[in-house]
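**Student:** Mind looking over this structure? Questions follow.
The values are calculated or read from the model by the stated rules, or taken from the named source; none is laboratory data. Just so it is clear, the model here is predicted, and its values are computed rather than measured. In this analysis, Cβ positions are derived from the backbone assuming ideal geometry, glycine residues included, and neighbour counts consider all displayed protein chains. All accessible areas refer to the heavy atoms of the entire protein, side chains included, with ligands and DNA or RNA removed. Shrake-Rupley method; radii C 1.70, N 1.55, O 1.52, S 1.80 Å.
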Amino acid sequence: MSAPAAALAAVRARIDEAAARAGHPVALVAVSKTQPAAAVRALAAAGQRAFGENYVQEALAKQRELADLALEWHCIGPLQSNKCREVAAHFAWLQSLDREKLIEPLSRHRPPDLPPLNVLVQVNIDAEASKSGCAPADVPRLAAAAAAAPGLRLRGLMAIPQPAEPARRRAAFARMRALFDALARDHADVDTLSMGMSDDFELAIAEGATMVRVGSALFGPRG
Ligand SMILES: *Cc1c(COP(=O)(O)O)cnc(C)c1O
C-alpha cells in the first residue's frame, strides 16, 4: 500500500470504529490546505473524494490541476464577501457561513446548472474573540435565511472548539450537538454536524459529529 493509502486506511478505520460505537455513519473531509495538488491526487487514488480548503485562490489552482478527477470540494475557511462568486461557482459545500450578508451573493452566483450549494453555519462555540463563526443565539436566524435562499441548501452546523483539555472540548461538542438537534427539528434537510479534526475526531464522533475534517493525520504536518 502507498503511504497516502495507508494513512487514509488508518484514519478511516479509526473513524469507522468511533462511528460504530456512536451508531451513525461519519463522512471524512480530507483537509488539503497547503498541500500540493499531487498529494490530493494520491489520496484520491486511494479512494478519498471530499477535500477541504481554507483559501479560495489556493483551492481554485488545485481544482484546475485536478480537473480530470471527480472530487467534492468543501470551503472550510473564513469567507470574504468578494470571494462569494468563486465559492458559489467552484465548491460543492461551504462549511463556514457566519453572517447573513454572504447569503445573497452566494445565492445569486450559484450556477443554475449545478445542484444547490450545501451550506453549514459555522458556530463560534467557545466565544473566542479570534475565531470566526456566529454566536449560538444567532444560529436559528442565520440558518433560516440560508434555508430560504435559492441555490443554497442548508445542511447543518460546523465548529472548531478551542484547543482545551478533553473534558472542555467534549462539553463544547455536546453544546454543538444540542444546537444541531434543535436545528434539525426545524429543517428537514439538516443532517450534517461537522466537528472534529486530527487530534479530536474520535471525541467529536462520540458527541455526535457526522462529518470530520482531518488534515495532518492524513497528509503529515503542514509546513
Ligand atoms: C486546518 C483545518 C482542519 C484540519 O486540521 P488538522 O488538525 O490538520 O486535522 C479542519 N478544519 C478546519 C476549519 C481547518 O482550518
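**Student:** Which residues' amide hydrogens lie under 5 Å from the amide hydrogen of Leu117, considering only partners 5 or more residues apart or on another chain, with H built in the peptide plane?
**Tutor:** Leu152, Arg153
**Student:** Another question, if that's okay. Give me the dipole magnitude in Debye, nearest 20, for the chain about the Cα centre, with unit charges on the beta carbon: positive for Lys and Arg, negative for Asp and Glu.
**Tutor:** Details: 26 positive and 24 negative charges, 37 e Å.
That gives a dipole near 180 debye.
**Student:** Report relative contact order for the chain in percent, whole number only (criteria: Cα-Cα under 8 Å, sequence separation at least 6).
**Tutor:** Across the chain, relative contact order equals 21 percent.
**Student:** Further question: Kindly identify the chain as rounded, prolate or oblate by the Cα gyration tensor criterion: order the square roots of the eigenvalues as a ≥ b ≥ c, call it rounded if a/c is under 1.5, otherwise compare a/b with b/c, prolate if a/b is larger, else oblate.
**Tutor:** Verdict is oblate for the chain.
**Student:** Residue-wise, which Karplus ³J(HN,Hα) couplings in Hz belong to the stretch 106-115, taking 6.51 cos²θ - 1.76 cosθ + 1.60, θ = phi - 60°, and x for glycine or proline?
**Tutor:** 5, 5, 5, 8, 5, x, x, 7, 9, x
**Student:** Take each of the peptides 68-78, 134-144, average the number of other beta-carbon atoms within 10 Å over its residues, and list them starting from the highest.
**Tutor:** Top of the packing list down: 68-78, 134-144.
**Student:** Now a separate question. Can you work out the Karplus-derived ³J(HN,Hα) for every residue in the stretch 123-138? Use 6.51 cos²θ - 1.76 cosθ + 1.60 with θ = phi - 60°, whole Hz, and x for glycine or proline.
**Tutor:** 10, 7, 6, 9, 6, 7, 4, 8, 9, 7, x, 8, 5, x, 5, 8
**Student:** For the stretch 3-218, report the accessible area per residue in Å² (1.4 Å probe, heavy atoms, rounded to an integer). Walk me through the numbers before you get to the answer.
**Tutor:** Numbers: 9340 Å² over 216 residues.
Here the residues of the stretch 3-218 average 43 Å² of exposed surface.
**Student:** Related question: What is the Cα centroid distance between the stretch 13-55 and the stretch 90-163, reported in whole angstrom?
**Tutor:** A separation of 21 Å, based on Cα centres.
**Student:** Calculated from DSSP H runs of 4 or more alone, at -39500 (n - 2.57) each and per residue, what is the 222 nm mean residue ellipticity of the chain, nearest 500?
**Tutor:** Per the formula, -12500 deg cm²/dmol.
**Student:** State the percentage of accessible surface on the stretch 3-218 attributable to carbon and sulfur atoms; use a 1.4 Å probe and exclude ligands, DNA and RNA.
**Tutor:** Of the solvent-accessible surface of the stretch 3-218, carbon and sulfur hold 55 percent.
**Student:** Amide H to amide H under 5 Å from Cys134: which residues, 5+ apart in sequence or cross-chain, H placed 1.01 Å off N in plane?
**Tutor:** Hits under the 5 Å cutoff: Gln122, Val123, Asn124.
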